[in-house]
1. Does K49 fit the bill of being among the basic types (K, R) and modelled with pLDDT of 90 or more?
2. Among the residues of the range 40-78, write down those that are within 22 Å of V97 (Cβ to Cβ) and not in a helix (DSSP H, G or I).
3. Looking only at residues in the range 79-117 that are in a loop (DSSP other than H, G, I, E, B) and within 20 Å of the chain's Cα centre (by Cα), which one is surrounded by the most Cβ atoms within 10 Å (Cβ to Cβ)?
4. With respect to E129, is the statement that it is modelled with pLDDT under 95, exposed (fewer than 13 other Cβ atoms within 10 Å of the Cβ) and part of a helix (DSSP H, G or I) true?
5. Quickly run through the range 38-58 and pick out the residues that are surrounded by 11 or more Cβ atoms within 10 Å (Cβ to Cβ) and of a type in the set (D, E, K, R).
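The values are calculated or read from the model by the stated rules, or taken from the named source; none is laboratory data. Quick caveat, the model's predicted, so the values are computed rather than measured. In this analysis, Cβ positions are derived from the backbone assuming ideal geometry, glycine residues included, and neighbour counts consider all displayed protein chains.
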Amino acid sequence: MSETAPEVPAAAAAAAPAAKAPAKKAKKAASASKARKPSGPSVTELLTKAVSASKERGGVSLAALKKALAAAGYDVEKNNSRIKLGLKSLVNKGTVVQTKGSGASGSFKLNKKRKTLCGLRACIFSPTE
């Protein structure tokens, strides 16, 4: 008899934590599903504004862009990789032209000509500002 009595509470104890575990997972899934709203303009918008504000004939360097973003209140040290990726995407879209250098380094200026980007499926016309 002593053997059967401990088995029943052990089974009940095993069922109780199993019931609690899905409840915790549901809370984590609900908090993870919430999307964060961006508080300000995107990095690419800030970069295009900084490039368009410059009057340099040869374009704006990456260091000058970072200084302009820092002066506007953007945390450059924390978001350094986002700045580089945003700049590369603007060059790929044709919004910004890279006059010197390669990758995210070098000088950049706005594209004055309308550029067509032809992919495998269709041609896209990117507007210039």
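1. On the way: among the basic types (K, R): yes; modelled with pLDDT of 90 or more: yes.
Criteria met by K49.
2. Restricting attention to the range 40-78, the residues satisfying the condition of being within 22 Å of V97 (Cβ to Cβ) are 41-69.
P41, S42, S54, K55, E56, R57, G58, G59, V60, S61, listed by residue number.
3. Just the residues of the range 79-117 that are in a loop (DSSP other than H, G, I, E, B), to begin with: 79, 94-95, 101-106, 111-114.
Keeping just the survivors that are within 20 Å of the chain's Cα centre (by Cα) gives 79, 94-95, 103-105.
Working: N79: 14, G94: 18, T95: 20, G103: 11, A104: 18, S105: 14.
Filtering first and then ranking leaves T95.
4. Details: modelled with pLDDT under 95: yes; exposed (fewer than 13 other Cβ atoms within 10 Å of the Cβ): yes; part of a helix (DSSP H, G or I): no.
Judged against the criteria, E129 is not a match.
5. E45, K49, E56
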